[in-house]
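My questions all concern the structure below.
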Amino acid sequence: MNVTLKYFASIREAIGQGSESVSTHAATLSALREELIARGGAYADVLAHGRAVRMALNQDLCDASTALTEGCEVAFFPPVTGG
């Protein structure tokens, strides 16, 4: 399936781009994250397990078990604190 990925803040800076379209066989956000980590380099560094990464599907915060759908938008961003 085809999905649009968006990267924000320090993740965007590390990867060097704000968005990309990808074709994936992943069924869930967790599986998609695994595919991206397998790319190595900056993807592996910023999306590694143990790193605080939030994920959203179609602009709704989700957990890793959320199912992907054709044409969805997935966002990855570090936790944000306010004040």
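The values are calculated or read from the model by the stated rules, or taken from the named source; none is laboratory data. Everything quoted here is computed from the prediction, not taken from an experiment. Accessible surface is based on the protein model in full, side chains and every heavy atom, while ligands, DNA and RNA are left aside. Shrake-Rupley method; radii C 1.70, N 1.55, O 1.52, S 1.80 Å.
Strictly greater than 16 Å: what percent of every Cα pair in the chain meets that?
When every Cα pair of the chain is considered, 47 percent fall beyond 16 Å.
Taking amide H positions as placed in the peptide plane 1.01 Å from N, state which residues far from S19 in sequence (5 or more) or on other chains have amide H under 5 Å from it.
Excluding prolines and chain starts, which carry no amide H, the hits are Y7.
A follow-up question, please. Probe of 1.4 angstrom, ligands and nucleic acids ignored: what's the accessible area per residue over the chain, in square angstrom?
56 Å²
Quick one: ranking V80, V3 by accessible area, 1.4 Å probe, largest first, what do you get?
These residues rank, largest area first, as V80, V3.
Over the chain, calculate the relative contact order: mean separation of alpha carbon pairs under 8 Å at least 6 apart, over the residue count, as a percent.
About 40 percent, as a whole number.
Just the number, please: carbon plus sulfur as a percent of the accessible area of the chain, 1.4 Å probe, no ligands or DNA/RNA counted.
Heavy-atom surface of the chain belonging to carbon and sulfur, 1.4 Å probe: 50 percent.
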